[in-house]
1. So if I take the centroid of the Cα atoms in region 52-83 and the same for region 132-209, what is the distance between those two points in Å?
2. Once the other residues with Cβ under 12 Å from the Cβ of residue 220 are scored (Lys, Arg +1; Asp, Glu -1), what is the net sum?
3. Looking at this model, which pairs from 182/216; 163/242; 182/215; 89/163 are more than 32 angstrom apart at the alpha-carbon?
4. Report residue 64's accessible area, 1.4 Å probe, all protein chains in place, as a number in Å² to the nearest 10.
5. Heavy atoms of the protein only, probe of 1.4 Å, neighbouring chains included. What is the accessible area of residue 75 in Å², nearest 10?
6. Please give the FRET efficiency for residue 116 paired with residue 84, using the beta carbon to beta carbon distance and R0 = 51 Å, rounded to the nearest 0.05.
7. Report residue 193's accessible area, 1.4 Å probe, all protein chains in place, as a number in Å² to the nearest 10.
8. Sorted by accessible area with a 1.4 angstrom probe, largest first, how do 172, 107, 150, 251 fall?
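The values are calculated or read from the model by the stated rules, or taken from the named source; none is laboratory data. Everything numeric in this text was worked out from a predicted model, so none of it was measured. Neighbour counts run over all protein chains shown; Cβ positions are idealised from the backbone, glycine included. Areas reflect the complete protein model, heavy atoms only, side chains present, ligands, DNA and RNA absent. Shrake-Rupley method; radii C 1.70, N 1.55, O 1.52, S 1.80 Å.
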Amino acid sequence: MKLVNRIKVWKIAVTIFTGIVCGGLTADAATPDSVTSNKPVRQIAVVIDDLGNRMKGTEQMLELPIKLTVAVMPFLPSTRQDAEAAHRKGHDVIVHLPMEPIRGSRSWLGPGAITTDLTDDEIRKRVEAAIADVPHAVGMNNHMGSRATSDKRVMQIVLQVCKEKGLFFLDSRTSYQTVIPKVAKDLGVFTLHNDVFLDDVYTQRHVRKQIAVLKKFLKKNERCVVIGHVGPSGLNTSGVLKNVIPELQGSATFVPLSQLLPLPAPFMELDSDNR
């Protein structure tokens, strides 16, 4: 990631955070779009996971007429290509770090996965290598990881590396037992968290149902982080999003994750299925 991009993101975040702590800014003032009265106050951050392996729907997602956050898996055939393409289109790029789940085969994780049996040194080495492999990364989130994100030792190392590299962490919330909020607070790392999975079932019908969940969530909350995927659900998710974007823009603004820092949206219950 270019230094100038990192500085730009964190300069905004630190300025907002300082203003709020000192009482000089309100939550509304922390959002650049909210200063313009013509624009909707509510915000939607769409995160698209699993790029990096020429997965179905990648091109369609990158062509959506909104700002996205693109989560790219490291060490895969199109990791750098997908990260560069997303960056050129002005999207946030984050590292989609493969992490050990409670259920499922480790072979599903891909290379460089973080598992709970690794030593401290090996975890640090793998996290640093993953960050170095994804160009333009300003943050990180977990791929699967229901077991790893519940392990305090593991997450202390992962989040410490993020802090050192100037990255925020998005908790995908694949486990109700996540220790990320507590560990991040102790370390002083900016975090956000997922509110709605769009396509944990691979059908257009389910994605449309989750869009309804998103709309309901925004009636009570000013911002919502949603996660979709390329791959088996890629064309379904991109197709539904393309169709509903105009409607959603009537009441909300689509923003990259970095624009939500440092105030995460309230957490809502997820159907995470221990991924």
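1. Centre-to-centre distance over Cα atoms comes out at 18 Å.
2. Details: positive: 42, 215, 216, 219, 223; negative: 195, 222.
For residues surrounding residue 220, the net value is +3.
3. Numbers: 182/216 28 Å; 163/242 35 Å; 182/215 29 Å; 89/163 26 Å.
Where the Cα-Cα span goes over 32 Å, the pairs concerned are 163/242.
4. 10
5. Here the residue's solvent-accessible area equals roughly 80 Å².
6. On the way: r = 33 Å, r/R0 = 0.64.
Computed FRET efficiency for residue 116 and residue 84: 0.95.
7. 30
8. Numbers: 172 0, 107 95, 150 40, 251 70 Å².
Descending accessible area places them as 107, 251, 150, 172.
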